[in-house]
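The values are calculated or read from the model by the stated rules, or taken from the named source; none is laboratory data. Only a predicted model underlies this, so the values are computations on that prediction, with no experimental measurement involved. Neighbour counts run over all protein chains shown; Cβ positions are idealised from the backbone, glycine included.
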Amino acid sequence: MTALAYVNGRYVPLGGATVSVQDRGFQFGDAVYEVWAVRDGRLCDMDEHLARLHRSLGELQMHAPMPDMALRAVLGETRRRNRVRNGLVYLQISRGAAARDHAFPPENTRPTVVVTAKSLDWRQQQQRASKGVGVISMPDIRWGRRDIKSTNLLPNVLARQAAKERGGFEAWLVDPDGNVTEGTASNAWIVDKTGAIRTRPLSNDILHGVTRAVLLRLARERRMEIVESPFTVGEALAAREAFITGATNPVVAVVAIDGRPIGDGAPGPVTQKLRDLYLQAGA
Ligand code: PDD
């Protein structure tokens with residue numbers, strides 16, 4: 001089967017899919033994106049991701065390239081044509097292709113829309129979750145609008161590479177006050193010494209994770225104790241449990257930071273319960 005990409009209205013072989021060298025996503029990172037997890041052939045948390053997409057577009061003064069109905073159809077069709085049962089669907093919308101100029105291009109510039117889909121090995125994802133992952137900590141050197149899901153991901157790329165080189169799965173980024181903001185592609189959580197589930201409150205400092213929001217709702221419905229407050233790496237090391245959330249890694253235990261174990265170095269019961277809750281809710 002040839003993998004296909006949707007590019008500006010056409011489904012084309014992924015290997016030969018192209019956008020202009022003048023595309024502003026390519027030249028400036030002037031683009032937004034979304035990632036949907038696909039489980040059992042369904043795009044998870046569809047509406048929440050679309051809502052965040054509109055927010056990102058609005059914050060960057062970009063227009064939606066098509067109505068939601070059409071976008072949903074393209075996302076679903078890209079999944080279907082690539083026969084993805086478990087994996088992800090990626091959407092990127094850039095401000096379009098235009099002669100290079102930092103300021104916005106003319107109003108009539110057509111945004112570039114790209115959708116791809118990729119299968120992931122669910123067994124491997126389950127194994128990762130059952131073993132837990134290690135993270136490294138690094139200074140958060142990103143810009144001040146991390147709530148916008150833009151393709152400006154260079155600090156994330158460098159931090160994730162550093163994690164990989166040190167045998168970690170993710171990097172936890174740390175603000176100048178010593179508090180963890182989030183991971184390079186996931187939100188950060190702990191189950192603190194008192195047993196409360198803790199994650200950083202929403203602000204411009206972090207991406208407003210869809211998985212985070214859904215999990216908070218599910219946990220609150222079950223009257224689990226939640227505190228939205230920042231925590232330091234030291235607090236995370238002293239915590240009972242820690243975990244990350246993201247579309248493609250829904251609730252994965254963090255068992256070590258910078259090579260030092262959290263708790264007994266194995267995934268804990270609260271993390272497991274929250275993962276089950278999220279996956280059973282099926283979104
Ligand atoms: N990343 N924080 C950052 C910086 C992210 O990039 C992501 C998602 C998250 C989790 O958000 P959500 O639960 O909505 O997936 C938090 C995607 C998966 C990516 O960049 O591939």
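In region 217-277, counting only strands (runs of 3 or more DSSP E) that sit wholly within it, the ones holding 1 or more residues that are among the hydrophobic types (A, V, I, L, M, F, W, C) and under 19 Å from the mean Cα position of the chain (by Cα) span 241-245, 252-257. What are the residues in region 124-140 that are touching a Phe, Trp or Tyr at 6+ places or on another chain (Cβ under 7 Å) and not hydrophobic (A, V, I, L, M, F, W, C), if any? Across region 124-140, the qualifying residues are Gly134, Ser137. The set of residues in region 158-171 that are surrounded by fewer than 24 Cβ atoms within 10 Å (Cβ to Cβ) and in contact (Cβ under 8 Å) with a residue 12 or more places away in the chain comprises Arg160, Ala162, Ala163, Arg166, Gly167, Gly168, Phe169. Would you confirm, using the coordinates I've provided, whether Val227 is farther than 14 Å from Leu277 by Cα and within 16 Å of the ligand (Cβ to nearest atom)? No: the conditions fail for Val227.
Each residue in region 180-206 was checked for being more than 10 Å from the ligand (Cβ to nearest atom) and not in a loop (DSSP other than H, G, I, E, B), and 7 pass.
Within region 136-149, the only residue that satisfies the criterion of being buried (at least 21 other Cβ atoms within 10 Å of the Cβ) and in a strand (DSSP E or B) is Ile136. Is there a residue in region 172-179 that is acidic (Asp, Glu), surrounded by fewer than 17 Cβ atoms within 10 Å (Cβ to Cβ), away from the ligand (no atom under 14 Å from the Cβ) and part of a loop (DSSP other than H, G, I, E, B)? Taking every residue of region 172-179 in turn, at least one turns out to be acidic (Asp, Glu), surrounded by fewer than 17 Cβ atoms within 10 Å (Cβ to Cβ), away from the ligand (no atom under 14 Å from the Cβ) and part of a loop (DSSP other than H, G, I, E, B).
Conditions tested, residue by residue: (1) outside the structural domain of Thr248 (by TED's automatic domain parsing); (2) closer than 30 Å to Gly234 by Cα; (3) not in a loop (DSSP other than H, G, I, E, B).
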| site | (1), (2), (3) |
| --- | --- |
| Leu75 | yes, no, yes |
| Arg80 | yes, no, yes |
| Asp101 | yes, no, no |
| Gly134 | no, yes, yes |
